[in-house]
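The values are calculated or read from the model by the stated rules, or taken from the named source; none is laboratory data. Just so we're clear, the structure is a prediction, and the values are computed from it rather than from any experiment. Glycine gets a Cβ as well: all are built from the backbone with ideal geometry, and neighbour counts include every protein chain shown. Areas reflect the complete protein model, heavy atoms only, side chains present, ligands, DNA and RNA absent. Shrake-Rupley method; radii C 1.70, N 1.55, O 1.52, S 1.80 Å.
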Amino acid sequence: METPRDTSAPPGDQQPPQGAHTATPNLAGSSPQRGRSSLSDSSRTGRRGDAIFKFASSGSGVLLLVIMAAIAAFLTVRAISAISANHGNFLTTAEWQTQTDPITFGIAAIALGTIISAVVAMALAVPVALGIALFISHYAPRRIAQALGYVVDLLAAVPSIVFGLWGALFLVPHMIGVNAWLNQYFSWTYVFHQNEPGTQPRSLFTVGVVLAIMILPIITAVTREIFLQVPRAHEEAALALGATRWEMIRTAVIPFGRSGIISASMLGLGRALGETMAVATVLSPSYVINFHILDPAGSTIAQNIASQFGESQGTGRDALIAAGLVLFVITLLVNGGARLIIARRKEYSGADA
Amino acid sequence: MSSLATSSRPLGSSLTERRLPRWMPAANLVLAVLLGLAIGAGFDLSSKLQWGLIAAILFVVIQYVTSAVVEGRRHAKNYLATSLVWVAFLLALLPLISVLWMTISKGIGVINANFLTHSMNGIAINQDGGGLYHALIGTLEQVALASLFAAPVGILTAVYLVEYGRGNKLSKAVSFFVDVMTGVPSIVAGLFILSFWIIILNMPFTGFAGALALAILMLPVVVRSTEEMLKLVPNELREASLALGVPKWLTITRVVLPTALGGIVTGVMLAIARIVGETAPILMLVFGADTINMNPFSNPQSSLPLYVWTEYGKGTDQSQARAWGGALVLIAVVMILNLVARGLARWKAPKGATR
């Protein structure tokens, strides 16, 4: 309150020129007053407004934390009530019987299916996504690269149900040939062995392919950003030493982007683990533990929830919530890990991913 | 090392190493495609995909061999990497183009004025006709309700992160959990609302319940994009405003937020585009309906992605055609939202800035 008058007063006092004397009282009289009244006004509303606004904005931040905590808490409460009614071991039982009288359910088969489909998706998507990211950042002409980056972003927005529809109605019939080929030549790997060749490939492998296509744009988008941040000086130094473009990428780009590649892959993994509808359209649920990924069998946690939900009541729904809690914890760990890697990297590179 | 030795030949002969002519990759590509066609036709392989794969592998091999013969191993490796990158790119484009092509070609035949203005009321599964008007209404209302909740909370959270909580413990925790929340599967968000809203509070299945789950999914996206935009606002603007004696909250609402408005709107629209396509929480919380229900606060509704799912599940030719139609409308909505948002971002972006 005092400071404005103090600071504006000295100029009024220090006005030795006599010619301006008539103007000075006017200045000294009106302007500090105007300044004071409006300032004191605004600082009063300002203080209250500040308090309200700060409360609202920090409250929103806290609300976000509360939501996360509430998700964990409510899922846990329902999950405990389901698991206490369970007659099987939740972790090692494969079957999912929630309608019959001795309620028996477990996540052994569906967790395995989730992991297998995600592994297949990662194995297919990560190399290809790296290729596309490199293509956009280092191989394509600049104009085309920009347009491609744009297209990749758009493709990341295609809803999962559309991928699911495509997977079920287009990809499944077209996978028969691929499956037969894999079974014929790679049956010895055990993984690609088919118990009944020629069946409809509504299998974990097909799901993995669909998931790979779905997570491709995300992995590409993040790694592309990282690759574009590689210091030009590193690249030019490598080229000036006579490296070919590939050697430049191997010695300058990949080491710089390694943690970015890892975290992008983990973000993709998180998405693949939690994907529901694309899996639910392709697979028909079955609860057997089967490592032959071409066989039409297997379920994932998310797909199991979506396909069982309509028929479940009471404890059955709680059982699904218990499965959802497992999925929540897994994705939390995967995503949290990815973010920690990015954050650690950000500290020394100043990069933003 | 040997290749380095060969490259340091006497300067007199040539300043550069022996290189393949520029047209060589193109010629190799033509050769590989021709060979691929010949092999495909010769061995009578039914799948055109196999033809393409054979041609791609041949291209990589021919490219490697010619380069290794003429230029040496290092350059051959470089060509191999280049070819692989190109193959990866083309390989990835195939399914993505296929998805779009299938949706458009199969969906366009279904879409007409009747499809867009009628519900599925009284349409048997093996009957033509019917439409997705009820689903369109449901999607619009649920998404609007979700945005009504998620946009203000998200923007305020971002304001807190950037303007108030710079680097303190709470803001670090919020920031981390925003990132983690981005990865929460949509089905888990649905289960949370199910356990909290429907099982414990004993509320019915409504569009509003679905909107709550969508808001949870939308929130982190809004926070993240708004935060990025607020960080781009030059500090000089804040300092100038504060130096004029304007209180902080007015500085934020009158100076900072308007400056970043274009980017914030873009972020909100992209977040909307993300939740429009969510199926799983809608399936669990809104439950689906065949008739028009304008009120999101009572009785089940439908939504576009749920419509696609239920029509697919019916399994007849007619319903699958409707599913493709619904998918096309859904993709169109998402793409329009994206394009408008990005156009807005470009139009509103400060001159010379890359974002």
_Which count do you get for residues in the range A:288-332 that are of a type in the set (Asp, Glu) and in contact with a His (Cβ under 9 Å, 6 or more places away or on another chain)?_
1
*Residues that are in contact with a Phe, Trp or Tyr (Cβ under 9 Å, 6 or more places away or on another chain): which helices (runs of 4 or more DSSP H) entirely in the range B:177-264 hold 2 or more of them?*
B:186-193, B:207-232
*asked:* Give me the residue from the range B:165-203 that is more than 7 Å from chain A (Cβ to nearest Cβ) and of a type in the set (D, E, K, R) and, out of that set, farthest from A:ALA70 (Cα to Cα).
replied: B:ARG166
_If I filter the range A:300-322 down to residues being under 20 Å from A:VAL207 (Cα atoms) and in contact with a strand residue (DSSP E or B) (Cβ under 8 Å, 6 or more places away or on another chain), which single residue comes out as most open to solvent (accessible area, probe 1.4 Å)?_
A:GLN308
*asked:* A:THR281 - would you say it is closer than 14 Å to B:VAL188 by Cβ and either within 7 Å of another protein chain (Cβ to nearest Cβ) or β-branched (Val, Ile, Thr) (or both)?
replied: no
_Residue that is touching a helix residue (DSSP H, G or I) at 6+ places or on another chain (Cβ under 6 Å) and farther than 28 Å from B:SER186 by Cα, where the choices are A:HIS193, A:HIS138_ = A:HIS193
*Which of the residues belonging to the range B:57-99 are aromatic (Phe, Trp, Tyr) and either at the interface with chain A (Cβ under 10 Å from one of its Cβ atoms) or open to solvent by less than 20 Å² (accessible area, probe 1.4 Å) (or both)?*
B:TYR79, B:TRP86, B:PHE89
*Is there a residue being surrounded by fewer than 20 Cβ atoms within 10 Å (Cβ to Cβ) and in the same structural domain as A:GLN184 (by TED's automatic domain parsing) anywhere in the range A:265-284?*
yes
*Tell me which of these A:VAL151 doesn't satisfy, since it passes every other one: (1) within 14 Å of chain B (Cβ to nearest Cβ); (2) open to solvent by less than 40 Å² (accessible area, probe 1.4 Å); (3) under 30 Å from B:ARG342 (Cα atoms); (4) under 21 Å from the mean Cα position of the chain (by Cα).*
(2)
*Going by the conditions given, is B:GLU227 within 18 Å of B:TYR160 (Cα to Cα) and acidic (Asp, Glu)?*
yes
*asked:* Condition first: touching a Gly at 6+ places or on another chain (Cβ under 6 Å) and open to solvent by 30 Å² or more (accessible area, probe 1.4 Å). Now tell me which residues in the range A:188-223 satisfy that.
replied: A:ILE218
*Hand me the list of helices (runs of 4 or more DSSP H) wholly inside the range A:195-267 holding 2 or more residues that are of a type in the set (Phe, Trp, Tyr).*
A:204-228
*Run down B:GLN142, B:GLN127 and say which single residue is within 30 Å of B:ARG322 (Cα to Cα), over 26 Å from the mean Cα position of the chain (by Cα) and more than 10 Å from every other protein chain (Cβ to nearest Cβ).*
B:GLN127
